[in-house]
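S.K.: Handing you this structure, nothing more for now.
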Amino acid sequence: MGIRLRILQIATVCLYLGPLLAGVGGYGWLVVPVFVAIFLLWQIVLRPQDWPQDLAEWAQPDSWLAFLTQVVMQILLVSVCFGIGMGLTRVAGLNLHLPFMGPIMLSLLSIPIARLAWPPQRAAELDAFLEDAASRIELAAMPGQDAEKQAEMRLFAARLTEPLSGLRDATPQAEIEAHLAALQSHLAPDTLLDALHDRLASPTAGRALRRAFILQATAPVTVEACPGRAAPVKALQVAGDDPELLALFARRCTELLDEHADAWGDCPNDGALEALRATHAANAPVAEALSGLIARNRALAPLA
């Protein structure tokens, strides 16, 4: 999904780059309608669900109002990009001679590239998913929620965290952090932490899921939302004797204490950390990371 999203982002840049280059190349304003048509085609191809599906819907006044609104928006977008290009030419004194069809083809070719990378059903599924998420969160946040609503929220959190279980062990940390950032916009930190912990109970739980739990448990926002729950201690338990996970935990917990000194009471004690450092003394990266955490722990101990 990450690669598809990057391709979509590149295609979007190409779409907007077309009118900008046309402005830099000194094209006349008569080319603006061409780019407006391309921008509208982009909307139709990538988001067909936003457009009337039959003649009966087109006959509705609301459909034409929505269409005219889209046209006005695309005219503004194209005009802004085109105007910026012309402004750059005048300010920087640029004098580029571009092929006449170059900028137009750049914007036009972005449409099939984006369509291949991001099929319309993905956009529709994402819209439905976000609408469902918003309604469920609103329901769960109502005062006086009962056990049934709490159970529904846990099921919802389990559904949201399911993609993390499918990540391969070698998934880059940045991709895992991106997943967590997306989840944090829909779930409270403690709810997300509990959902990840529940998933770790599965015998098929992989390293990527364990890394996700460590990242979430050592996040300042989680510790602030879960005072007294010793989330970093649980993260250390999840890391176990895995050197890579231990190093990740030690680095993250050190960063946590640097940013949020009050988290000291929720972090592992020196005795446990010293024992781990002795066990992994031959592994320099792990021993170094644990030493840094121990030093930070001791520096903050008088504040406890």
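S.K.: Would you mind stating whether G23 is of a type outside the set (A, V, I, L, M, F, W, C), farther than 30 Å from A182 by Cβ, touching a Cys at 6+ places or on another chain (Cβ under 9 Å) and not assigned by TED's automatic domain parsing to the domain that holds R159? If you could, list the steps in order and put the result at the bottom.
M.R.: Numbers: of a type outside the set (A, V, I, L, M, F, W, C): yes; farther than 30 Å from A182 by Cβ: yes; touching a Cys at 6+ places or on another chain (Cβ under 9 Å): yes; not assigned by TED's automatic domain parsing to the domain that holds R159: yes.
The answer is yes for G23.
S.K.: Any residue that is touching a Lys or Arg at 6+ places or on another chain (Cβ under 7 Å), in contact (Cβ under 8 Å) with a residue 24 or more places away in the chain and surrounded by fewer than 21 Cβ atoms within 10 Å (Cβ to Cβ) - is there at least one of those in the range 271-281? Lay out the reasoning, then the answer.
M.R.: So the first thing to find is which residues in the range 271-281 are touching a Lys or Arg at 6+ places or on another chain (Cβ under 7 Å), and the list is none.
There is no residue in the range 271-281 that is touching a Lys or Arg at 6+ places or on another chain (Cβ under 7 Å), in contact (Cβ under 8 Å) with a residue 24 or more places away in the chain and surrounded by fewer than 21 Cβ atoms within 10 Å (Cβ to Cβ).
S.K.: In the range 201-216, which residues are buried (at least 16 other Cβ atoms within 10 Å of the Cβ) and of a type outside the set (S, T, N, Q)? Before you say what the answer is, go through the steps one by one.
M.R.: Within the range 201-216, the first condition is being buried (at least 16 other Cβ atoms within 10 Å of the Cβ), and the residues that meet it are 205-206, 208-216.
Matches in the range 201-216: A205, G206, A208, L209, R210, R211, A212, F213, I214, L215.
S.K.: Another question about this same structure. With T171, T204 as the choices, which residue is out of contact with any strand residue (DSSP E or B) (no Cβ under 6 Å at 6 or more places or on another chain), assigned by TED's automatic domain parsing to the domain that holds A289, modelled with pLDDT under 85 and assigned to a loop (DSSP other than H, G, I, E, B)?
M.R.: On the way: T171 fails: modelled with pLDDT under 85.
Of the residues listed, the single one that is out of contact with any strand residue (DSSP E or B) (no Cβ under 6 Å at 6 or more places or on another chain), assigned by TED's automatic domain parsing to the domain that holds A289, modelled with pLDDT under 85 and assigned to a loop (DSSP other than H, G, I, E, B) is T204.
S.K.: If you don't mind, another one. Under 6 Å between Cβ atoms, at least 6 apart or on separate chains: pull out the pairs that start in the range 205-226 with a residue that is more than 14 Å from C267 (Cα to Cα) and end on any residue that is hydrophobic (A, V, I, L, M, F, W, C) and outside any helix (DSSP H, G or I).
M.R.: Here the result reads A208/L167, each pair linking the range 205-226 to a residue that is hydrophobic (A, V, I, L, M, F, W, C) and outside any helix (DSSP H, G or I).
S.K.: Exactly one of these conditions fails for P163: (1) assigned to a loop (DSSP other than H, G, I, E, B); (2) modelled with pLDDT under 85. Give me its number.
M.R.: Only one criterion in (1) assigned to a loop (DSSP other than H, G, I, E, B); (2) modelled with pLDDT under 85 is unmet by P163, namely (1).
S.K.: State which residue is nearest to L248 (Cα to Cα) when the search covers only the range 174-193 and only residues that are of a type in the set (S, T, N, Q) and modelled with pLDDT under 85. Talk me through it step by step, then tell me what you get.
M.R.: Taking the range 174-193 and keeping what is of a type in the set (S, T, N, Q), we get 184-185, 191.
Subsequent filtering for residues that are modelled with pLDDT under 85 retains 184-185.
On the way: Q184: 21, S185: 24 Å.
So the residue we want is Q184.
S.K.: Being under 28 Å from the mean Cα position of the chain (by Cα), outside the structural domain of P163 (by TED's automatic domain parsing) and surrounded by 14 or more Cβ atoms within 10 Å (Cβ to Cβ) narrows it down to one residue among Q43, Q49, Q9; which is it? Outline the logic, then answer.
M.R.: Numbers: Q49 fails: surrounded by 14 or more Cβ atoms within 10 Å (Cβ to Cβ); Q9 fails: surrounded by 14 or more Cβ atoms within 10 Å (Cβ to Cβ).
Selected residue: Q43, the only one of Q43, Q49, Q9 that is under 28 Å from the mean Cα position of the chain (by Cα), outside the structural domain of P163 (by TED's automatic domain parsing) and surrounded by 14 or more Cβ atoms within 10 Å (Cβ to Cβ).
S.K.: Please work out which one of (1) touching a helix residue (DSSP H, G or I) at 6+ places or on another chain (Cβ under 6 Å); (2) surrounded by fewer than 20 Cβ atoms within 10 Å (Cβ to Cβ); (3) over 25 Å from L196 (Cα atoms) is the condition P243 fails and give its number.
M.R.: (3)
S.K.: Can we say L17 is modelled with pLDDT of 80 or more, farther than 17 Å from I104 by Cβ and surrounded by 15 or more Cβ atoms within 10 Å (Cβ to Cβ)?
M.R.: Working: modelled with pLDDT of 80 or more: yes; farther than 17 Å from I104 by Cβ: no; surrounded by 15 or more Cβ atoms within 10 Å (Cβ to Cβ): yes.
No.
The values are calculated or read from the model by the stated rules, or taken from the named source; none is laboratory data. Computed from a prediction, not measured in an experiment: that's the story for all the values here. Using ideal geometry, Cβ is built from the backbone for each residue, glycine included, and neighbour counts are taken over all protein chains shown.
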